[in-house]
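Before any comments, here is the structure.
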Amino acid sequence: MAKRTFRFIEVKTQRTVLQSVEECSTIRARAIGLLGRVNMKQGEAVWIHPCSGIHTLGMRFAIDVLFLDRSGKLIKIANSIPPWRIPLPCINAKSVVEMKAGEADRLRLSQGEQYKFEEIVSSKP
């Protein structure tokens, strides 16, 4: 199955917040997530769904995590979670976005705002 990539967009302003968000929706993809990566670039992220909790066991770098409800409302931001941690899950979350530590602040993301994912359709066969 081909990997799907999305833009992460703030609904109110239509601002593209993240240019390249890789979807992780299969059991295998959700289990792997960011494991094995050495770092992430600015503007990159992974979208894990369904998901209400994460861990950073085996990770090599700290991450910011956005917890979204079913409608795409940002209900919690967890900043700079270091490797080898298991933070408490966010009960009402239906998906998470994981990105390089510091990105949530740099992008001025706000709890309570509505976000959406827009698939980037490749023209390659």
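The values are calculated or read from the model by the stated rules, or taken from the named source; none is laboratory data. Everything quoted here is computed from the prediction, not taken from an experiment. Neighbour counts are summed over all protein chains in view; Cβ atoms, including those assigned to glycine, are modelled from backbone coordinates with ideal geometry.
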Just give me the residues in segment 83-97 being assigned to a strand (DSSP E or B) and either over 26 Å from K116 (Cβ atoms) or in contact with a Pro (Cβ under 8 Å, 6 or more places away or on another chain) (or both), in sequence order. S95
Yes or no: S80 polar (S, T, N, Q), in contact with an Asp or Glu (Cβ under 9 Å, 6 or more places away or on another chain) and not in a loop (DSSP other than H, G, I, E, B)? yes
Only one of I54, I120, I86 that is surrounded by 13 or more Cβ atoms within 10 Å (Cβ to Cβ) and on the phi < 0 side of the Ramachandran plot: I54
Quick test for you: out of L68, L109, pick the one residue that is in contact with a Phe, Trp or Tyr (Cβ under 8 Å, 6 or more places away or on another chain) and within 16 Å of R7 (Cα to Cα). L68
Answer yes or no: is there a residue in segment 72-90 that is at pLDDT 95 or above, under 17 Å from E23 (Cα atoms) and either touching a Phe, Trp or Tyr at 6+ places or on another chain (Cβ under 7 Å) or not polar (S, T, N, Q) (or both). yes
Return the pairs, sorted by first residue and then second, in which the second residue is of a type in the set (A, V, I, L, M, F, W, C) and surrounded by fewer than 17 Cβ atoms within 10 Å (Cβ to Cβ), the first residue lies in segment 94-106 and is farther than 12 Å from N39 by Cβ, the beta carbons are less than 6 Å apart, and the residues are 6+ apart or on different chains. A104/I77
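Does I48 satisfy the criteria of being farther than 17 Å from E10 by Cβ and in contact (Cβ under 8 Å) with a residue 40 or more places away in the chain? Quick ask: steps written out before the conclusion?
Working: farther than 17 Å from E10 by Cβ: yes; in contact (Cβ under 8 Å) with a residue 40 or more places away in the chain: yes.
Judged against the criteria, I48 is a match.
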